[in-house]
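Peer 1: First, the structure itself, so that you have it in front of you.
The values are calculated or read from the model by the stated rules, or taken from the named source; none is laboratory data. Remember, predicted model here, so these are calculated numbers, not experimental data. Cβ atoms come from the backbone with ideal geometry, glycine included; neighbour counts cover every protein chain shown. Note: areas computed on protein heavy atoms with side chains; ligands, DNA, RNA excluded. Shrake-Rupley method; radii C 1.70, N 1.55, O 1.52, S 1.80 Å.
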Amino acid sequence: MADKAFNPFQMAQQQFDSVAEKLGLDESTRTLLRNPLREYHFQIPVKMDDGTVQVLQGFRVQHNDSRGPCKGGIRFHPHETADTVKALATWMTWKCAVVDIPLGGGKGGVICDPHHLSEREQEGICRGWIRQISRNIGPLQDVPAPDVMTSPQHMLWMMDEYETIHNGKFPGVITGKPVGSGGSLGRTEATGYGLIYTVREALREMGIDIKKTTASIQGFGNVAQYAGKLYTEYGGTIVAVSCWDQDDQASYTFRKASGVNVDELLTITNRYGGIDKAKAKGLGYEILGGDAWIEQEVDILLPCALENQVNANTAPKISKKVILMGEGANGPTTPEADEILKQKGIFLIPDFLANAGGVTCSYFEQVQCNMNYFWTKDEALSKLDTKMTDAFLQVSAMAREKKVYMRDAAYMISIQRVAKACKLRGWV
């Protein structure tokens, strides 16, 4: 898990400041873009099944909406903090800009642990969150979505509460809904597939056959599962995956040198991405420590879970064999680790490019809801492939042209687009 001293918002600002300096942004633009436009902190009283009332802390942060309505997930997490939400909202602004969709960055959260809550209690939290923020979100203002430990069912409860309050049908108020209730086909696969589309393009530019590559994945939630599926469909071999064990409150790495079978592991995985250790051993998997995923002798590393996992302590353990890292998670690499990756010559696909497939398909869902016309799965994934490929090629070209690190190139493109929108509006 992340170091308690780690502050993701300070990291987001540090990354921004470095690129703002390279771009020569004026002081007012820097001040505007390094901080959220709006933050909402509120309390959510929820009646529990035992008749007591718990008062939970909720957040919504709207970082920047110069290019369109804010967009970003809602997390349910016992260790959620305002700084984490601010960092994620900031990264969402850059993520929407780098894939050139007309949205800004937002993020939300509730400090709670769904593992210990009934369905009815979780519904109460969802409806309570909407009641507190319903005047400040909407299809033309801010469009939430699922994130860590929230699901399509949570989104549908939220949409229903919003429609009840506003007395109308507003399917575009929230994305990540179930298919058949305003959800988009392809959304489930989008983040993981988008990651692998960029990995495919990076390997193509390097002249490397994806079929001859091996990978290690951190996490085994939605992003990791679909990234693993598509990567193996393309012919790659996964050597290891890691996951968090809720019962043990520890993470483990599951290794199989002959190749991890994602579908096989899914049969012994719980709804939160935890893999049954005893059953995995029976299937021939070695059970290693949580950080072992990063030490594997593979070509590709795919951190796909929480932030701050590639840091000053873990990055030196990366094998010399690794040539590429694709950040499926938000903020998995600290600035100190970035320097180590540069020294090791590892090609990086930065998080807000690599995992932008999710927000891109959320944008597709928003478009479909607002025009009340829905696409086939092949249509949605084909459009996603085009968007992700175009975005990767632009960032890669910028990195070569300016002779800068891929993260800096992605930031340069994103920040320039957002700064231009702010200037054209007359904000700075």
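Peer 1: Of ALA82, ALA87, ALA20, which residue is of a type in the set (A, V, I, L, M), over 21 Å from LYS423 (Cβ atoms) and touching a helix residue (DSSP H, G or I) at 6+ places or on another chain (Cβ under 6 Å)?
Peer 2: None of the other options fit; the residue is ALA87.
Peer 1: Identify, please: which residue in the range 212-224 is surrounded by fewer than 24 Cβ atoms within 10 Å (Cβ to Cβ) and at pLDDT 95 or above and is, among those, nearest to SER319 (Cα to Cα)?
Peer 2: THR214
Peer 1: Consider the range 69-94. How many of its residues are crowded, with 17+ Cβ neighbours inside 10 Å, of a type in the set (Gly, Ala, Ser) and more than 15 Å from the chain's Cα centre (by Cα)?
Peer 2: Number satisfying all stated conditions: 0.
Peer 1: Is it true that some residue in the range 12-35 is modelled with pLDDT of 95 or more and closer than 30 Å to ARG127 by Cα?
Peer 2: So far as the range 12-35 goes, yes, one or more of its residues are modelled with pLDDT of 95 or more and closer than 30 Å to ARG127 by Cα.
Peer 1: Are there any pairs, at least 6 apart or on different chains, whose C-beta atoms fall under 8 Å, with the first in the range 14-29 and among the acidic types (Asp, Glu) and the second open to solvent by less than 60 Å² (accessible area, probe 1.4 Å), and if so, which?
Peer 2: Cβ pairs passing all conditions: ASP17/ARG30; ASP26/VAL428.
Peer 1: Oh, and also: Looking at (1) surrounded by 24 or more Cβ atoms within 10 Å (Cβ to Cβ); (2) within 18 Å of the chain's Cα centre (by Cα); (3) among the hydrophobic types (A, V, I, L, M, F, W, C), which is the only condition TRP129 fails?
Peer 2: The single condition TRP129 does not satisfy is (2).
Peer 1: I would also like to ask the following. What is the number of the single condition among (1) buried (at least 17 other Cβ atoms within 10 Å of the Cβ); (2) closer than 21 Å to ILE349 by Cα that ASP209 does not meet?
Peer 2: Result: ASP209 fails condition (1) only.
Peer 1: Could you grab the pairs with beta carbons closer than 9 Å, sequence gap of 6+ or different chains, first residue in the range 403-428 and over 15 Å from ARG34 (Cα atoms), second one assigned to a helix (DSSP H, G or I) and open to solvent by 90 Å² or more (accessible area, probe 1.4 Å)?
Peer 2: These pairs meet every condition: VAL404/LYS22; ASP408/LYS22; ASP408/LYS402; ALA409/ARG400; ALA409/GLU401; ALA409/LYS402.
Peer 1: Can you tell me which residue among TYR197, TYR231, TYR252 is open to solvent by 10 Å² or more (accessible area, probe 1.4 Å) and either closer than 18 Å to VAL298 by Cα or not in a helix (DSSP H, G or I) (or both)?
Peer 2: After ruling out the rest, the residue left standing is TYR252.
Peer 1: If you scan the range 46-88, which residues turn out to be among the β-branched types (Val, Ile, Thr), part of a loop (DSSP other than H, G, I, E, B) and closer than 26 Å to PRO332 by Cβ?
Peer 2: Within the range 46-88, just THR81 meets the criteria.
Peer 1: Also: For the range 134-177, how many residues meet the condition of being part of a helix (DSSP H, G or I) and open to solvent by 30 Å² or more (accessible area, probe 1.4 Å)?
Peer 2: 9
Peer 1: Turning to a different aspect of this structure: Return the total of residues in the range 267-288 being exposed (fewer than 13 other Cβ atoms within 10 Å of the Cβ) and at negative phi.
Peer 2: 5
Peer 1: Sticking with this one: For GLY124, only one of the following conditions fails: (1) assigned to a loop (DSSP other than H, G, I, E, B); (2) open to solvent by 10 Å² or more (accessible area, probe 1.4 Å); (3) in contact (Cβ under 8 Å) with a residue 60 or more places away in the chain; (4) of a type in the set (Gly, Ala, Ser). What is its number?
Peer 2: (1)
Peer 1: So is ALA292 in contact (Cβ under 8 Å) with a residue 60 or more places away in the chain and among the small types (Gly, Ala, Ser) or not?
Peer 2: No: the conditions fail for ALA292.
Peer 1: A further question follows. Please go through the range 9-45 and give me each residue that is surrounded by 14 or more Cβ atoms within 10 Å (Cβ to Cβ), more than 24 Å from the chain's Cα centre (by Cα) and part of a loop (DSSP other than H, G, I, E, B), ordered by number.
Peer 2: Selection gives LEU25 alone.
Peer 1: Counting only residues that are surrounded by fewer than 21 Cβ atoms within 10 Å (Cβ to Cβ) and touching a residue at least 60 places away in the same chain (Cβ under 8 Å), which one in the range 325-367 is farthest from PRO144 (Cα to Cα)?
Peer 2: It comes out as LYS342.
Peer 1: What residue, of MET48, MET1, is modelled with pLDDT under 95, farther than 25 Å from ASN136 by Cα and not small (Gly, Ala, Ser)?
Peer 2: MET1
Peer 1: Still on this model: Does SER66 fit the bill of being surrounded by 14 or more Cβ atoms within 10 Å (Cβ to Cβ), hydroxyl-bearing (Ser, Thr, Tyr) and within 26 Å of ALA312 (Cα to Cα)?
Peer 2: No: the conditions fail for SER66.
Peer 1: Looking at the structure I just gave you, is VAL143 in contact with a Lys or Arg (Cβ under 6 Å, 6 or more places away or on another chain) and not polar (S, T, N, Q)?
Peer 2: So VAL143 fits the description; yes.
Peer 1: What are the residue pairs meeting all of these: first residue in the range 46-75, first residue without any contact (Cβ under 8 Å) to a residue 12 or more places away in the chain, second residue open to solvent by less than 40 Å² (accessible area, probe 1.4 Å) and not β-branched (Val, Ile, Thr), Cβ atoms under 7 Å, and 6 or more apart or on different chains?
Peer 2: So the pair list comes out as GLN54/MET48.
Peer 1: Ok, one more. So, in the range 81-130, exactly how many residues are among the β-branched types (Val, Ile, Thr) and under 28 Å from THR164 (Cα atoms)?
Peer 2: 5
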